[in-house]
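A.B. asks: First the structure, then my questions, so here it is.
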Amino acid sequence: MLRGLSQTRELSVSRIAAKAEISFPMATRHLRILGARGLLAARRDGAWVLYRMQADTTIPESVRLVDALRDILASDTEEAIHEIFRLATAFTHPRRQTIYQVLLAGDRSLADLRRQTRISLRALLRHLAKLKSRGFVVAASGLYRATTPPGTLAQLLAELAPQCAR
């Protein structure tokens, strides 16, 4: 959806749904979610609602997010889409935001992380694995450390994640 919107001025919901090969209701739902996060603007043109990729300046950081997304999408490859998905899903769970926030204060053992986050061992390991696979956590010598993958979007997400955990 974002790639299609980054390549054209505006698209209707039906055109976006067709390009993304999803249903009209699902496209509408996802477009509303992206709009609520300040990544899209919509305008009505008769019976049509047209969407465009545009930052909502009333939402902090949306300008930087849209710019970072456009930079990645400019390559117009499947790898770009996978990179956005990989990075964006790192912090979709509040527990991962909390874990990352704790690790920003310094390296932690698994036991320390359990004490500080109050997350069960099983869930903690699952969330750490997700953060490691996304490049936001590294483990060495029994300690976990917060890190930031290269790229503007990764840096911005790493900056925003601790703010979301509060």
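Read-outs throughout are calculated quantities, based only on the coordinates presented, and are distinct from any laboratory measurement. The shown structure was predicted, so the numbers you read here are calculated from the model rather than taken from an experiment. Neighbour counts are summed over all protein chains in view; Cβ atoms, including those assigned to glycine, are modelled from backbone coordinates with ideal geometry.
A.B. asks: Which whole number of Å³ per residue matches the convex hull of the alpha-carbon atoms in region 68-153?
C.D. replies: 90
A.B. asks: Based only on other Cβ atoms within 10 Å, what is the fewest-to-most ordering of ILE84, ILE33?
C.D. replies: Fewest to most other Cβ atoms nearby, the residues stand as ILE33, ILE84.
A.B. asks: If you don't mind, another one. About its Cα centre, how strong a charge dipole does the chain have in debye, to the nearest 20, once Lys and Arg get +1 and Asp and Glu get -1 at the Cβ?
C.D. replies: Taking the Cα centre of the chain as origin, the dipole is about 760 debye.
A.B. asks: Note down the relative contact order for region 2-86 as a percent, whole number, built from C-alpha pairs under 8 angstrom at least six residues apart.
C.D. replies: Relative contact order for region 2-86 comes out at 27 percent.
A.B. asks: Quick one: plug the Kirkwood hydrodynamic radius of the chain (C-alpha pairs) into Stokes-Einstein at 25 °C, 0.890 mPa s, and report D in µm²/s.
C.D. replies: 142
A.B. asks: Between the DSSP loop rule and a limit of at most 13 other Cβ atoms within 10 Å, which trypsin sites (Lys or Arg not before Pro) in region 56-141 are left?
C.D. replies: Listed in order of number, the matching sites are ARG118.
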